[in-house]
Amino acid sequence: MENTKQKHPKALYTLFATEMWERFSYYGMRALFTLYLTAELINGGFGLSDDDALKLYAVFTGLVYLTPILGGWVADKFLGKRKTVYIGGLVMAFGQFLLAASSFLSGSLEPSTRLALFNFGLGVLIIGNGFFKPNISTIVGDFYDDNDPRKDSAFNIFYMGINLGAIMGPFIAGALGEKVHWGLGFLAAGIGMILSVIWLNWRENTLEDKGLPPNSPKDKLVLDKKDWMEIIMYSIALIVATFVVMRIWHILSDKATSIITIAGFSAMVIGLGYVIIRGIESDNTWKPKFFGLVGVVLAFLIIKYGGIWDSLSEQMKKYALIAIAVITLILVIMLLRAKNADWSRMGVILVLAFFNVAFWAGFEQAGGTFNIFAKKFTDRTFFGWEMPASWFQNINPIAILILAPIFSVVWLKLDKMKLNPRTSIKFALGLFFGALAFFIMTQAQHLVDAGNTKVSPMWLFIVYVILTLGELMLSPIGLSMITKLANPKLVSVVMGLWMASFAAGNFMAGMLKSILKTYDFPLYPFIMWVMLGSGLIIVLLSPLLNKAMKGIH
């Protein structure tokens, strides 16, 4: 009986393969993203500069991780996790086919029209990912109790599925796109997404009653014909809505789009705050906290965009920023020390989400500056054959497939010995590994700057492996942490909030190079110091963070 209890449920392996094919789709596309945009027109690309391609990469990868907030809320309140995952999968498949079309039609469409089609595909991928990503992760968590020692192990296994797909994506779609035809690469990514949906539908009965729509009958295990009609209708509606929004956005002035963006982010913060506060507080206590949040957002908007901030001297701005930092620190400490366990645990999530941004701003250089570094500055010729630059992105997922099972066993062994590090310490270690990786990458960049046209591929290989060690300390543990610490009524929404930290990190990954260029500060050393400092701060805060978890490891 004890042996049976320790086995993972069949659903874990259903979700493993579903996520594997989705990640095949995403990472296959990502491997081609900057290479396709910067390729010359004569070679089927768009001829964009490195900086322009990285900025588009920043916006896309940032929004890809921001829309899960919407997807988590829709799943929790209306559709259930399972239907939302299916909708996201179908919408993303269509988005990949749009990217493929932007390449296949290169001979018959103007470059500007092709770029518009490519951007439409990106928009569809963004909204589809928002529906898919947070909900499949939380279905995994539904099969385990908060303090079940198998939970971290389960997410490491699930993470192996992610990375098996991340290997196959660049290897197959990347090679097809880079060496045969860009469109074939994106087409392969779309087919991978379709396979993800088909597999989940075929194995859906293994999910038992997890992730079904609200108020489903107790004996219901799979979605019925009515559910599938709704899935198809919602998928079509999302694609059409994305097209309409992007067309309207295109014809608006820059000032109008700026106002809409600011209003949208403000509404998102207020809306997210409302959902979380209402989920934690009683009917009698939620209003003061919610209206306090609204007041803070409105005050920020008035100061920033009402001309008050611009009227301040540089010295006053420095004092104001210091005051804001001190007040924020005090509020965070108050939140961590709250008697209400839901609030103190939410404080832990917010603190670690903040530092999660630092790690992913570095890690996601993989699809941006690392990809360009591999293409331009790395010797990729072996016995007369030139390896595709996109294949360097296979190093990370291959390393994860090798190391994730080891980490999974290690966490269980350490738990039995009562030596398993707390979540905060694992996060700090992940950031320290990241700092080491960017120290090494700084040395590689120095060699290029010193006149070495091409450097050994071992530089990127070592950097990717060390970043992988950091990722395994941080990413699967973060997914597990959300399902442990979040209020059960809010787990999908909080997972969306966690994904928003990835959004910020991904956005910064694409924008950092152009921002730092203004201050003449090199990219890789900057990321190294930020990661090192972030890890040290987490170590210092770890006693407070551990106490705020209220008994959850």
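The values are calculated or read from the model by the stated rules, or taken from the named source; none is laboratory data. These numbers were taken from a predicted model, which means no experiment stands behind them. Cβ sites come from the backbone with ideal geometry, for glycine too, and all protein chains shown count toward neighbours. Side chains are part of the model used for accessible areas, which takes the heavy atoms of the whole protein and leaves out ligands, DNA and RNA. Shrake-Rupley method; radii C 1.70, N 1.55, O 1.52, S 1.80 Å.
Quick check: is even one residue across the stretch 82-101 at pLDDT 95 or above and farther than 20 Å from Ala241 by Cβ? Within the stretch 82-101 (the criterion being at pLDDT 95 or above and farther than 20 Å from Ala241 by Cβ), the answer is yes, since at least one residue qualifies.
Could you pull out every one of the helices (runs of 4 or more DSSP H) wholly within the stretch 1-110 that has 3 or more residues that are open to solvent by 10 Å² or more (accessible area, probe 1.4 Å) and touching a Ser or Thr at 6+ places or on another chain (Cβ under 8 Å)? Quick ask: steps written out before the conclusion?
Working: elements: 2-6, 10-38, 50-66, 68-74, 81-104.
In the stretch 1-110, the matching helices (runs of 4 or more DSSP H) lie at 10-38, 50-66, 81-104.
Residues of the stretch 346-353 include at least one that is touching a helix residue (DSSP H, G or I) at 6+ places or on another chain (Cβ under 6 Å), crowded, with 19+ Cβ neighbours inside 10 Å and of a type in the set (Gly, Ala, Ser). So, of the residues in the stretch 381-418 that are part of a helix (DSSP H, G or I) and of a type in the set (Ser, Thr, Tyr), which turns out to be surrounded by the fewest Cβ atoms within 10 Å (Cβ to Cβ)? Ranking the candidates gives Ser408 first. Residues in the stretch 189-212 that are among the β-branched types (Val, Ile, Thr) and more than 11 Å from Gly28 (Cβ to Cβ) were compared, and the one that is surrounded by the most Cβ atoms within 10 Å (Cβ to Cβ) is Val197. Only one entry of Val240, Val180 meets the criterion of being more than 25 Å from the chain's Cα centre (by Cα), surrounded by fewer than 19 Cβ atoms within 10 Å (Cβ to Cβ) and either at pLDDT 95 or above or closer than 25 Å to Thr34 by Cα (or both), and that entry is Val180. Listed by first and then second residue, the pairs with beta-carbon distance under 8 Å, at least 6 apart or on different chains, first residue in the stretch 372-390 and basic (Lys, Arg), second open to solvent by less than 70 Å² (accessible area, probe 1.4 Å), are Lys375/Leu35; Lys375/Ala389; Arg380/Ala374; Arg380/Met387; Arg380/Pro388; Arg380/Ala389; Arg380/Pro457.
Only one residue in Pro457, Pro421 is under 26 Å from the mean Cα position of the chain (by Cα), open to solvent by less than 40 Å² (accessible area, probe 1.4 Å) and of a type outside the set (S, T, N, Q). Which one? Show your work before the answer.
Numbers: Pro457 fails: under 26 Å from the mean Cα position of the chain (by Cα).
One residue alone meets the criteria, Pro421.
Selection of the stretch 266-312 for residues being under 19 Å from Leu66 (Cα atoms) and exposed (fewer than 13 other Cβ atoms within 10 Å of the Cβ) yields only Ala267. Taking first residues from the stretch 539-553 that are more than 15 Å from Ile349 (Cα to Cα) and partners that are part of a helix (DSSP H, G or I) and modelled with pLDDT of 90 or more, the Cβ contacts under 7 Å between residues at least 6 apart in sequence or on separate chains come to Val539/Ala428. When Phe132, Phe186, Phe143 are screened for being of a type in the set (Phe, Trp, Tyr), open to solvent by less than 20 Å² (accessible area, probe 1.4 Å) and under 26 Å from Lys81 (Cα atoms), only Phe132 passes.
Condition check ((1) part of a helix (DSSP H, G or I); (2) open to solvent by less than 20 Å² (accessible area, probe 1.4 Å); (3) not β-branched (Val, Ile, Thr)) across all residues:
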{"position": "Phe438", "(1), (2), (3)": "yes, yes, yes"}
{"position": "His446", "(1), (2), (3)": "yes, no, yes"}
{"position": "Ala509", "(1), (2), (3)": "yes, yes, yes"}
{"position": "Ile537", "(1), (2), (3)": "yes, no, no"}
{"position": "Leu545", "(1), (2), (3)": "yes, yes, yes"}
